[in-house]
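Enquirer: The following block contains the structure, expressed as structure tokens.
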Amino acid sequence: MISPLEIAANAVMAVSIVLSGRNNIHSWWLGVVGCVMFAVLFYSVNLYADVALQLFFIVTCVIGWLQWLRGAGGAPLPIAHTGARALGWMAAISLLATAAYGLMLQAYTNAYAPFIDSAVLMFSVVAQLLLMGRRVETWPVWLLVNTVSVPLYASRGLYLWLNYFLWIAWR
């Protein structure tokens, strides 16, 4: 059964994602609200890396909001591409961090699927940093994250994960 919290969190984040795809600054404060809701939800199903991820998202939503407000020297922050070399480094660091955090969760908590959960955490960090910098590559990284996270969340009884499909709408 889908909980009211899961429905509300997904609804808020769906609006935030659509606004982000439209370069609307209101996506950021809505993201904060949705992240708080998801942190509570993920804690309730022992997805602790996802709780940590929501805390990271809250901080980065505030930073992203400020970056988008200030722009680049008074001008709007331009939408840009990230080079293949930078993306390669991001992927390598994320894989190493996934292994380290997964080992920690496995050893010290009752986390469910600690390595998969850690991969969602680390690659979400990359996607969020790309989003904050208004990089086009954020969307394929989010697609990768959601390809992994949707089955993970479904395995914990969380079925209403919408942003996997919202990327297609954004395109």
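Enquirer: Per residue, how much accessible surface does region 1-153 expose to a 1.4 Å probe? Answer in Å², no decimals.
Expert: About 49 Å² of surface per residue is accessible.
Enquirer: For the chain, what does the helix formula give at 222 nm: sum of -39500 (n - 2.57) over DSSP H segments with n ≥ 4, over the residue count, nearest 500 deg cm²/dmol?
Expert: Here the helix-only value at 222 nm equals -26000 deg cm²/dmol.
Enquirer: Describe numerically, in nm with one decimal, the distance between label points set 7 Å from Cα along Cα→Cβ at residue 23 and at residue 5.
Expert: Each label point is offset 7 Å from its Cα along the Cβ direction, giving 3.7 nm.
Enquirer: Then there is this: What is the helix-to-structure angle for 114-132, meaning the angle in degrees between its Cα long axis and the longest Cα principal axis of the chain, kept from 0 to 90 and rounded to the nearest 10?
Expert: Relative to the chain, helix 114-132 is tipped by roughly 10 degrees.
Enquirer: Roughly to the nearest percent, how much of the accessible area of region 9-98 is carbon and sulfur, given a 1.4 Å probe?
Expert: Percent of accessible area from carbon and sulfur atoms in region 9-98: 75.
Enquirer: Quick one: if the Förster radius is 35 Å, what FRET efficiency do residue 40 and residue 92 give, using the C-beta to C-beta distance and rounding to 0.05?
Expert: Result of the calculation: an efficiency of 0.60.
Enquirer: Follow-up. Measure nothing but the geometry: give the 0 to 90° angle between the long axis through the Cα atoms of 138-155 and the longest principal axis through the Cα atoms of the chain, rounded to 10°.
Expert: 20
The values are calculated or read from the model by the stated rules, or taken from the named source; none is laboratory data. Computed from a predicted model, the values in this text were never measured in an experiment. Using ideal geometry, Cβ is built from the backbone for each residue, glycine included, and neighbour counts are taken over all protein chains shown. SASA here: full protein model, heavy atoms, side chains in, ligands and nucleic acids out. Shrake-Rupley method; radii C 1.70, N 1.55, O 1.52, S 1.80 Å.
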